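The block underneath contains the structure these notes are about, expressed in structure tokens.
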Amino acid sequence: MEFKYYDKSWLPAIKGAFLIIFGIISMSQILGSIRSLASLFIALIGMIGIILISSGIMFRKSRFRIWSIISGIINILFCLVLAIKIEAPREVIGWILLLWIIFQAISEIIEAGILIYLKNAFAALFILNALLTGLFGYFLSVVMGNFTPQAVFYLGVIALTFGLANELSVRMVKLGEKVYLNFEN
């Protein structure tokens, strides 16, 4: 099996855990401002970028390692821009986050295409993630336009759902790998 995220199941697991924590914080109304939201995303985006670059360098046998490295570099660039613009107005921070979310959705669609090309059924998980990413982006845009407790709560519900979907997909892939390996033997 050769794919960017799911041969390294710790990446969606980390992303899922982050989104679950973010969702709980948002639903609990602990989130103070757009800057604290941006700070959380700086950590996530930077971590994803570093992991993608390092995994692309470490896994030299992967046919798609260049894609992993390029995707990691783009994530690092988003992290740096967001860190530089942390004191910018709410709209600027929101647009940076929305652009990153759009990039993530496109990246997940590309990953699904790669898996479809490889005739791998796990492409459906990437399509699901792309749809959830788009939904998260939509609710983030709603929150940007109307930063109310109710809007932040709904964003938290989507983040929690997305995080749980990531965690479940990791479990499904691990189970699928066991079945696949047992079937091969």
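The table below gives the values:
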{"item": "Long-range neighbours under 8 Å by Cβ, at least six apart or interchain, first residue under 17 Å from residue 137 (Cα atoms) within the range 16-30, second of a type in the set (Phe, Trp, Tyr) and buried (at least 19 other Cβ atoms within 10 Å of the Cβ)", "result": "16/162; 19/162; 23/162"}
{"item": "Subset of the range 31-65 [without any contact (Cβ under 8 Å) to a residue 40 or more places away in the chain, in a helix (DSSP H, G or I) and more than 19 Å from the chain's Cα centre (by Cα)]", "result": "57, 58"}
{"item": "Close pairs (7 angstrom Cβ cut-off, 6 or more residues apart or separate chains): farther than 13 Å from residue 47 by Cα in the range 66-94, in a helix (DSSP H, G or I) and among the charged types (D, E, K, R) anywhere", "result": "86/35"}
{"item": "Within the range 15-30, tally of residues that are within 13 Å of the chain's Cα centre (by Cα) and at pLDDT 80 or above", "result": "6"}
{"item": "Residue under evaluation residue 120, criteria (1) at pLDDT below 85; (2) part of a helix (DSSP H, G or I), criterion not met", "result": "(2)"}
{"item": "For residue 80: the one exception among (1) over 19 Å from residue 158 (Cβ atoms); (2) under 12 Å from the mean Cα position of the chain (by Cα)", "result": "(2)"}
{"item": "Members of the range 50-71 found to be closer than 17 Å to residue 110 by Cα and among the charged types (D, E, K, R), listed by number", "result": "63, 65"}
{"item": "First in the range 100-115 and over 18 Å from residue 46 (Cβ atoms), second anywhere and of a type outside the set (A, V, I, L, M) and part of a helix (DSSP H, G or I), Cβ under 6 Å, 6 or more apart", "result": "105/133; 105/134; 108/126; 108/129; 111/126; 112/126"}
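Each row is one residue, and each column tells you yes or no for (1) at pLDDT 80 or above; (2) among the polar types (S, T, N, Q); (3) surrounded by 13 or more Cβ atoms within 10 Å (Cβ to Cβ).
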site: 126; (1), (2), (3): yes, no, yes
site: 135; (1), (2), (3): yes, no, yes
site: 153; (1), (2), (3): yes, no, yes
site: 165; (1), (2), (3): yes, no, yes
site: 175; (1), (2), (3): no, no, no
site: 185; (1), (2), (3): no, yes, no
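The values are calculated or read from the model by the stated rules, or taken from the named source; none is laboratory data. Predicted model, so just to flag it, every value in this text is computed and none were measured. All Cβ positions, even for glycine, are placed from backbone atoms using ideal geometry, and neighbour counts span all protein chains on display.
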